[in-house]
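The values are calculated or read from the model by the stated rules, or taken from the named source; none is laboratory data. Just so you know, these numbers come straight off a predicted model, no measurement behind them. Here the Cβ is made from the backbone with ideal geometry for all residues, glycine too, and neighbour counts use every protein chain on show.
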Amino acid sequence: MKIASLVLRALPADFPEIKEALARIPGVEIHGSSEEVGRIVVTVEDGEGWSVTDSILAVNLAPKVQAVTLAYEYTDDGLELTEA
């Protein structure tokens, strides 16, 4: 499992168009937004047929998005249990 949290910067007037574009990107879920400060918080999770990296790139290229900050990233790759 891979998951990332992103903070997007945009003009509040563009929020409806951006949210519509984000809804079409696999693995993206909107968790909140603030028109006062022009931010949208989303998570991106991998799944069958897409990767977190591809979805983060799609978010970054979404129309009207001015900036994207990676706030958190997690992966459980390489966490296999080993016996002592």
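Side notes on the structure shown:
- Considering the chain, there are no qualifying strands (runs of 3 or more DSSP E) wholly inside with 3 or more residues that are among the acidic types (D, E) and at positive phi.
- Residue among A4, A62, A23 that is loosely packed, with under 11 Cβ neighbours inside 10 Å and not hydroxyl-bearing (S, T, Y): A23
- Screening the stretch 14-39 for residues that are in contact with a Phe, Trp or Tyr (Cβ under 7 Å, 6 or more places away or on another chain) and not acidic (D, E) and picking the one that is nearest to I3 (Cα to Cα) gives G27.
For (1) touching a helix residue (DSSP H, G or I) at 6+ places or on another chain (Cβ under 8 Å); (2) of a type outside the set (F, W, Y); (3) touching a residue at least 12 places away in the same chain (Cβ under 8 Å), each residue gets a yes or a no:
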residue	(1), (2), (3)
A4	yes, yes, yes
V7	no, yes, yes
A10	yes, yes, yes
A23	no, yes, no
I30	yes, yes, yes
I40	yes, yes, yes
V44	yes, yes, yes
G49	no, yes, yes
T53	no, yes, no
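- Pick from the stretch 38-59, criterion among the hydroxyl-bearing types (S, T, Y) and either surrounded by 14 or more Cβ atoms within 10 Å (Cβ to Cβ) or touching a Gly at 6+ places or on another chain (Cβ under 9 Å) (or both), ranking: modelled with the lowest pLDDT: S51
- Residue satisfying all of: in the stretch 24-51; more than 12 Å from the chain's Cα centre (by Cα) and of a type in the set (D, E); nearest to P63 (Cα to Cα) among these: E35
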